[in-house]
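Presented below is the structure to which this report refers.
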Amino acid sequence: MTRKVFDVGVRLSDFIRSNLDGIIAEWENFARSLNPGSSMTTLQLKDHIEQILSFIARDLEAPQSASEQFDKSRGLADSLPAADTAAETHGILRHDDGYDIMEMVSEYRALRASIIKLWTEKNKNLSDEDVIDLTRFNESIDQALAESVVKFAQKVDQSKDLILGVLGHDIRSPLATIHMSAEILKRTSNPDERHMTLLTQIESSTARVRSIVTDLLDLAKARLGTGIPLIRAPMSLSDLCVSIVEEMRVQHPDRPIVLQVEDDVRGDWDATRLGQVLSNLLSNAMQYGLAGSTVKFTLAQSAKTVLVSVHNNGDAIPPTHLESIFESFTRAPGRGDPLTGESQNLGLGLFISREIVNAHGGSINATSTQADGTTFSIRLPKTKVSSGFPLNAQRFSIGE
């Protein structure tokens with residue numbers, strides 16, 4: 001490869017401008033050496049490098065406070081409010097072109113090294129002003145890199161969540177067919193005991209997969225920004241709590257559940273979604289609580305809010321895990337099937353529960369110690385806070 005001839009510049013910003021074609025050619029050659037670049041056009045390889053270099057040159061000459069310098073070195077400088085910067089657009093396009101994030105980062109590493117090497121070769125005795133320029137150049141590269149990485153990561157998350165949503169939607173129909181077929185065969189074919197057992201296993205297995213698919217769809221909705229949809233209606237939370245607890249007693253006849261529910265606790269909520277949350281919290285208490293121990297379920301209210309709590313005794317949740325327990329794909333450490341050791345869920349239940357509670361304008365939290373056990377608490381406003389309430393909404397206190 002023939003190296004371009006570079007002209008000497010007095011300041012680093014002048015060097016970048018006067019040697020723009022050569023620097024871009026070096027960038028293009030490096031991008032082409034990466035796996036996706038071999039089949040890309042020159043225009044695709046160059047992408048927004050000219051605009052990025054122009055930004056760096058302008059930034060080197062712009063006045064800058066000490067706090068702005070510190071923020072930029074950490075990739076925290078403010079981006080343009082109206083549209084994506086050139087670096088942000090570069091991150092988006094490199095994702096779409098099939099680069100991985102390490103390959104994109106390596107472009108900036110090569111760009112930094114190339115410009116510094118070529119400039120210092122022509123400026124062997126750096127002045128104090130040159131040292132300042134070099135520092136600010138590194139800060140500008142760091143800022144551009146941070147902007148590209150953020151957008152690249154966002155595109156990765158969007159693609160992943162879109163795939164989850166599509167897969168979940170497409171799997172639902174055949175699952176429903178399998179489940180319905182098993183039900184029909186049980187009712188109409190007079191199966192013997194062995195076949196009845198197999199059909200029951202088909203029903204339970206499809207119900208479990210359907211639950212996983214529903215969780216994946218809820219995850220995709222939450223992370224794609226649309227939020228988990230609610231169908232609100234006036235309802236009795238007291239009746240819902242009693243119903244959920246009775247279901248759990250049937251499923252776990254060996255586990256006593258103490259139920260303390262105030263009468264006539266009513267509000268404007270989505271009964272199906274709240275039932276999903278309460279069932280998940282009780283199931284966790286049964287699964288992770290001390291075998292044979294009592295689970296306590298409480299519902300209380302004030303003038304404007306309600307408080308639901310589920311308490312169980314058993315091993316405490318480690319403090320480090322407690323901080324992230326409501327994040328997606330998070331499971332309690334060391335817990336699983338007693339026979340296989342494998343987890344019985346995807347670690348989405350508490351994440352989805354949090355999103356449902358947040359969508360209601362409420363909050364959910366957990367406390368756990370070895371002495372006092374584990375308690376999950378939900379606070380909800382009795383009335384709808386606003387239309388289409390956003391996730392991560394305002395929190396309410398039971399004392400309001």
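The values are calculated or read from the model by the stated rules, or taken from the named source; none is laboratory data. These numbers come from a predicted model, not from an experiment. Here Cβ is always computed from backbone atoms with ideal geometry, including for glycine, and neighbour counts include all displayed protein chains.
Contact map, the range 127-152: first residue farther than 16 Å from SER65 by Cα, second residue of a type in the set (S, T, N, Q) and at pLDDT below 90, Cβ cut-off under 7 Å, separation 6 or more or different chains; pairs are ASP130/ASN123; ASP142/SER73; GLU147/SER79; GLU147/THR85.
What about SER106, is it over 26 Å from SER159 (Cβ atoms) and either surrounded by 14 or more Cβ atoms within 10 Å (Cβ to Cβ) or at pLDDT below 90 (or both)? No: the conditions fail for SER106.
GLU28 satisfies every condition listed in (1) over 16 Å from ALA144 (Cβ atoms); (2) modelled with pLDDT under 85; (3) crowded, with 16+ Cβ neighbours inside 10 Å except (2). Scan the range 27-60 for residues that are closer than 24 Å to GLN143 by Cα and among the polar types (S, T, N, Q) and the total you get is 4.
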